Amino acid sequence: MDRDDALALLDEIHNTGSPKVAVVSGPAGIGKTAVALRWSHRERASFPDGQLFADLQGHAIGEPVQPTEVLGRFIRAFGVAPERIPAGLAERSALYQSLVSGRRLMVVLDNAVSAAQVTPLLPASAHSVTIVTSRWRLAGLLMRGARAVRLEQLSKQAALELLEHTIGGDRVRAEQESAEKLIELCARLPLALCVAAARLATRPHWPLSEMVDALSHERRRLAELSIGDEDDTKVQAALMFSYDGISSRDVGRVYRQLGLFPGTTFDSWSAAATVAMPRDQVRTLLEILIDANLLDDAPNGGYRFHDLTRLHAREMAERDEPENVHQTVHRAVDWFLSTAAKVNRVVMPYRKVDFDAVVNEPAEPLTFDDRAAALNWLDDEFPNFRAAIRVANDQSLFPAAWQLVDALWPLFLYRGHHDERLEVDMMGLKAARACENSRAEAKMLDRTGLAHRSLGQFDEAAADFRAALKIWRRTEDQHRISGSMRRLGMVELDRGHVEEAASLLQESLSRYRAAKRPREVALLLRDLSEALIELGRTAEAIDHLTEAESLLSEVDDPYNRARARILLGRARGGGQGTDLVNQGLAEMEEIGSATGQAQALQALGDLAWEENREQDARNLYEEAQRILLQSGGHSRQLAERLSRLN
């Protein structure tokens, strides 16, 4: 309605544009997203290679989404395993462009805040179209050739048609003067009109004149709620009128409390946990909010607020039930922590971690059938987890904040998220220090050290591991002392200090044997063997690895079992060794570990080199390096081997 000119301009950009980039801009509530989605839906047959959508949250309550994170999601949409996605912005951008090259794609980048946020996400393909929506005109993109599609208020006729579409033409014509006053009070903004019309639709006997009087009053009362654009006040007025007209106390409560939910989308499970109501009841109430245009559908059966609606819901929670704000946020944070604890038990059953910060256990918990389902949930919810950790820190829920970080370990181990991982681990360290829990601080230092190591930042990793080791020694926790020593040994191995690495790993192994911890003994046997092989002590390594494989056969830990098998095959050599490495490679492919696949390919390359098959070795090393770089990993050994062949 009254968007024909905008749609026609998008047609023109599609057919003649170079680059095919449109910036759809206008004030809040003007219908930017609706226009972008309407055109992309209408033209979807023109893009046989698919459509990509990202909400960049440029105008949301929290921080805007970083392009690195969006690139990770887009790359995963092409079927690239998460653990094979590189860490840095430049590397992700290069991989993304290689994936989109020559394809016909529709890319919608919603709620952008700057040209810098958008530029890395623009496909270079001449056959693709990108629509960017923003309250800003994004002159930086226009200077690079993007076309502007500026949305203004609806015309009077289009606004009346929108009202008629919702409440019926007869009703509008019966009170034509009031209808015209109503659309002007809503500033002829689609969002405000939809909210007001939804209220009228649920009250078929209300005169339009009564809504006009009420909305006029709300405009005066809510003038101070303007958040920037002049027309935002009208949107807030329409929201306020709709909120005040909610007849059910439960609907109003759900609306308010979900405005406090961390993250941008939620489902009926998390919503029920947040508002402490039965899930079946909450689903009914959510549908009422959708009918009232106070809530939108999201992909995969979820829900989301418009940015202004979320802000309004949050303000109403702070106004109408300030005593419940903290508890509501606490329930949402506990939902994430409790569910992540279940993921840990499914994915890593050998991990004995007590997430004791959960105060509000969900009445209807989410369960997972297998590792893949649990990891997929954790991966999908990762953006919300980051928001939950920030909110937990803001609300001084420090134990929950660092335990949320700890609960993300299976995701990082199996699927990478290298750049994002360091940011999250640093938030966990901040929370641990804030609650003055030295053990939590040491655990988070071990985590930040691992994140630094995965990025090849070995000095930073060693510093964090030493700081953790100092705390563990002060607390006399022998198990943790051994763990930090092991991590320091692996950093020394990364640096090429093999003798120092072997010494640290041997001491850690002795400690674990004394403590009778078979799984940890197996991991140390495997890591020490890596150093022994480099030192030429292959027979010792074979004995250690044989023992490690035997110990791990009793533990549900397929990742480390495959790591031990790969290194054992490398040490044995010959046909038997090649068979073992290939078996380990297949296991790494099955569980989706990119770093594990790179280890196996490097081992196969070593075996080829020993058999004087230089070209085979080069090919295997290059494939290992390609996989490792895509996942953001680093390997001194691999670099040295390739240098030897060049």
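At a glance:
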{"read-out": "Under 18 Å from residue 342, Cα to Cα: lysines that are on another chain or at least 8 residues apart", "value": "352"}
{"read-out": "Three semi-axes of the equivalent ellipsoid, the stretch 581-624, Cα gyration tensor, whole Å, largest first", "value": "20, 10, 6"}
{"read-out": "Full-extension gain in nm, residue 323 to residue 499, via 0.36 nm per residue minus C-alpha separation", "value": "57.3 nm"}
{"read-out": "Cα gyration tensor category, rounded, prolate or oblate, for the stretch 1-101 with a/c compared to 1.5", "value": "oblate"}
{"read-out": "Share, in percent, of DSSP beta bridges within the chain that are antiparallel, nearest 5", "value": "20"}
{"read-out": "Protein-only accessible surface order, largest first, of 516, 470, 181 at 1.4 Å", "value": "516, 470, 181"}
{"read-out": "Extension reserve of the residue 127-residue 250 stretch, reckoned as 0.36 nm per residue once the Cα distance is removed", "value": "39.4 nm"}
{"read-out": "Radius of gyration, Dmax [the chain; alpha carbons; angstrom]", "value": "28.6, 94"}
{"read-out": "More than 13 angstrom apart: percent of Cα pairs within the stretch 292-348", "value": "73"}
{"read-out": "Compactness of the stretch 477-544 - radius of gyration and Dmax, Cα, Å", "value": "11.1, 34"}
{"read-out": "Inter-label distance, nm, simple model (7 Å from Cα along the C-beta direction), residue 4/residue 644", "value": "7.3"}
{"read-out": "Zero-based 5 Å bins, Cα pair distances in the stretch 353-404, whole percents", "value": "4, 18, 19, 27, 23, 7, 2"}
{"read-out": "Global form of the stretch 510-588, assessed from the alpha-carbon gyration tensor, a/c cut-off 1.5", "value": "oblate"}
{"read-out": "Helix-only mean residue ellipticity at 222 nm for the chain, each DSSP H run of n ≥ 4 adding -39500 (n - 2.57), per residue, nearest 500", "value": "-21000 deg cm²/dmol"}
{"read-out": "Carbon and sulfur %, accessible surface of the stretch 424-497 computed with the full protein complex present, 1.4 Å", "value": "44"}
{"read-out": "Ordering of 41-48, 571-578, 603-610 by packing [mean C-beta count within 10 Å, highest first]", "value": "603-610, 571-578, 41-48"}
{"read-out": "Separation in nanometres of the label points that stand 7 Å from Cα toward Cβ, at residue 148 and residue 438", "value": "6.2"}
{"read-out": "Paired Rg and Dmax values of the stretch 115-203, which use every Cα atom, in angstrom", "value": "18.6, 54"}
{"read-out": "Percent of Cα-Cα distances greater than 21 Å, calculated over the stretch 465-607", "value": "42"}
{"read-out": "Cα gyration tensor shape of the stretch 539-624, rounded if a/c is under 1.5, else prolate or oblate by comparing a/b with b/c", "value": "oblate"}
{"read-out": "Per residue accessible area in Å² of the chain, where ligands, DNA and RNA are left out and the probe is 1.4 Å", "value": "41"}
{"read-out": "Carbon and sulfur %, accessible surface of the stretch 500-646 computed with the full protein complex present, 1.4 Å", "value": "46"}
{"read-out": "Heavy-atom accessible area ranking, 1.4 Å probe, most first, across 529, 155", "value": "155, 529"}
{"read-out": "Residue 499 accessible area, assembled protein chains, probe 1.4 Å, Å²", "value": "120"}
{"read-out": "Residues listed by number, the stretch 367-383, amide nitrogen under 14 Å from residue 423 label point at 7 Å toward C-beta", "value": "382-383"}
{"read-out": "FRET efficiency for residue 137 and residue 281, using Cβ-Cβ distance with R0 set to 30 Å, rounded to 0.05", "value": "0.10"}
{"read-out": "Spin-label proximity, residue 296 to the stretch 249-286 - amide N less than 20 Å from point 7 Å beyond Cα toward beta carbon", "value": "255-268, 271, 286"}
{"read-out": "Relative compactness, the stretch 301-393, computed as alpha-carbon Rg over 2.2 N^0.38 Å", "value": "1.24"}
{"read-out": "Accessible area, probe 1.4 Å, largest first, for residues 202, 130", "value": "202, 130"}
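The values are calculated or read from the model by the stated rules, or taken from the named source; none is laboratory data. Just so it is clear, the structure is predicted and the values come from calculations on it, not from any experiment. Don't worry about glycine lacking a Cβ; one is built from the backbone with ideal geometry, like all the others, and counts go over all protein chains shown. SASA here: full protein model, heavy atoms, side chains in, ligands and nucleic acids out. Shrake-Rupley method; radii C 1.70, N 1.55, O 1.52, S 1.80 Å.
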